[in-house]
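The structure appears below as structure tokens.
What follows is calculated from the coordinates using simple rules that are stated; it is not laboratory data. In this text the structure is predicted, and so the values were computed from the model without any measurement. Positions of Cβ are generated from backbone atoms using ideal geometry, with glycine treated the same way; all protein chains shown enter the neighbour counts.
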Amino acid sequence: MTKLPHPNIWKLFVIKGSLWFMVIMPVIVLFFQDHGLNLQEIMIIQACYSLSLGLTEIPSGYAADILGRRKTLILGCVLAFVGFSIFSISYDFWWFLVAQIFLGLGNSFISGADTAIMYDSLLEVKAEDRFLKYEGRSVSIGNFSEAAAGILGGFLAAISFRYPAYAQVIVTMITIPFAFALVEPKTQTKRLKNSWESIVSVVRFSLIESKILRTYIIYSAIMGIGTLMMAWLAQPFLKDIGMGMKNYGIIWALLNILVGVVAFLAYRIDKTLKPINSLILIFASSVFGYILIAQNINYLGLFILFLFYANRGYATPLLRNYINKHTESNVRATVMSIRSFIIRTTFAIIAPFIGWIADHEGLSSAMMAMSIIIALIGGICLVWFIKNQKETVLYR
């Protein structure tokens, strides 16, 4: 077994595995529906979660850059634990909403800081060229963990919907001691100044001054929105094709195993494809994935859903790597948080709309609407990549 280049890496793997051991996720839509919520209300709760995450994404990423990634990760893990604790004892819309806001705040402090501390830990030991490999491993571990949790969650939910919620509290608590055990990398020679002007400066550079970084952030964000929305539409899809309750966990597990395997191999696939070809592949898989599933609410659609998740396994670590390659170390967490901010705030805007379409016009219409959104925004970015291929491959 190859020795890891920095002790932070395995601790981050444990944190990732624990945070992604989502016992409740395979049945969460059914869990909410069991408490009287319709799909639009579920999407409103998720929109509020995304909004609480999104609005604090950039400040939390900035906090990671000026205070340290370790401290913000610790805070994020604690808030996530509090959120799931409230969730496990909630029974109505408003308490679920409170729980999701805490979870959103917790994830905002984790998001960006985890990627940044991994990259800077590797940078500290001059192994940053292996980031894609270890980020792929991290995504892979997360999805293998979610796969195992999915099987357990499905069986627990078959007994009682409450059991997965209780189990989630215990799992989240595991992350806290490992977050404390992290060591802050010493690669940053220039800390950001603690001021609002500094945040504005980073945002201006990322989204206005640097065309390549701006395009990668927006492109990565729209693909992230697509995969996030599919995670919430997949359970209604399984319900529409008549999937049994126990099979939910198994299907969820298989989907996440597939994501994990592809993410594990992402750095190898990247070596065989030109960056522009990878970007086109990711775009086509996302857009046509939604279209084909919308036209096949049946077992053929289930097969296409697996292909959609395979694309997620490749896109996630790859696009993060592209962003990191065009970002300075001292603003890395802030830049990654800008990406997440765009994902979460945009999701918060469109999720209730997509939920309304699913409730009133059907699941197929909701998926077609998502394909149009991804095609429009992603297509604009893709045209820029094609016209500016020299800049696109600058990182190699």
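Using the eigenvalues of the Cα gyration tensor, what equivalent ellipsoid semi-axes result for the chain when each is taken as the square root of five times the eigenvalue, whole Å, largest first?
31, 25, 20
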Next on the checklist: Give me Asp114, Asp270, Asp34 sorted ascending by neighbouring Cβ count inside 10 Å, so fewest comes first.
Outcome noted: Asp34, Asp270, Asp114
Checklist entry - How do Lys271, Lys246 line up, fewest other C-beta atoms within 10 Å first? => result Lys271, Lys246
Item to check | Gain in span if fully extended, Val261 to Glu184, counting 0.36 nm per residue against the direct Cα distance | outcome: 24.8 nm
Item to check | Dimensionless Rg ratio for region 1-117, taking C-alpha atoms and the 2.2 N^0.38 Å reference | outcome: 1.18
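Arg130 to Lys274: extension gain in nm, 0.36 nm per residue of separation minus the Cα-Cα distance?
Numbers: separation 144, 0.36 × 144 = 51.84 nm, distance 1.82 nm.
Full extension from Arg130 to Lys274 adds 50.0 nm.
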Item to check | Rg over Rh [alpha-carbon atoms, Kirkwood Rh] for region 125-258 | outcome: 1.07
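Full extension from Ile349 to Ser160: what is 0.36 nm times the residue separation minus their Cα-Cα distance, to one decimal in nm? Kindly include the intermediate steps, with their values, before the conclusion.
Values: separation 189, 0.36 × 189 = 68.04 nm, distance 3.26 nm.
Here the segment from Ile349 to Ser160 would lengthen by 64.8 nm.
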Item to check | Members of Lys71/Lys126; Lys186/Lys211; Lys133/Lys239; Lys71/Lys271; Lys11/Lys274 lying beyond 27 Å, as alpha-carbon distances in this model show | outcome: Lys186/Lys211; Lys133/Lys239; Lys71/Lys271; Lys11/Lys274
Next on the checklist: Kirkwood hydrodynamic radius, region 256-332, all distinct C-alpha pairs: what's the number in Å?
Outcome noted: 13.5 Å
Item to check | Projected area averaged over orientations for region 189-323, convex hull of C-alpha atoms, nm² | outcome: 10.9 nm²
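How would region 11-60 be classified by its alpha-carbon gyration tensor: rounded, prolate or oblate, with rounded meaning a/c under 1.5 and the a/b versus b/c comparison settling the rest? Display every interim value, and only then the final one.
On the way: a/c = 5.00, a/b = 1.30, b/c = 3.85.
Verdict is oblate for region 11-60.
Tell me, what is the percent relative contact order of region 280-391, built from C-alpha pairs under 8 Å that lie six or more residues apart?
Once normalised by length, the contact order is 40 percent.
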Item to check | Distance between modelled label sites at Phe303 and Leu97, nm, 7 Å Cα→Cβ extension | outcome: 4.4 nm
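Find, among the trypsin sites (Lys or Arg not before Pro) in region 121-230, those assigned to loop by DSSP (not H, G, I, E, B) with at most 16 other beta-carbon atoms within 10 angstrom.
Details: sites: Lys126, Arg130, Lys133, Arg137, Arg162, Lys186, Lys190, Arg191, Lys193, Arg204, Lys211, Arg214; in loops: Lys126, Lys186, Lys190, Arg191, Lys193.
Those satisfying the criteria are Lys126, Lys186, Lys190, Arg191, Lys193.
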Item to check | Cα pair count fraction exceeding 14 Å, expressed as % - region 142-187 | outcome: 62 percent
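What is the fewest-to-most order of Trp10, Trp356 by other Cβ atoms lying within 10 Å of their Cβ? Walk me through the numbers on the way to the answer.
Numbers: Trp10 11, Trp356 16.
The most exposed by this proxy come first: Trp10, Trp356.
For region 76-202, how big is Rg over Rh, using alpha carbon atoms and the Kirkwood form of Rh? Present the calculation step by step, with values, prior to reporting the outcome.
On the way: Rg = 18.1 Å, Rh = 17.1 Å.
Rounded to two decimals, Rg over Rh is 1.05.
Any idea what the relative contact order of the chain is, in percent, if you count C-alpha pairs under 8 Å spaced at least 6 apart?
Values: 641 pairs, mean separation 115.5, N = 396.
Here the relative contact order equals 29 percent.
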Next on the checklist: What number does region 196-266 give for Rg over Rh if you use C-alpha atoms and the Kirkwood radius?
Outcome noted: 1.22
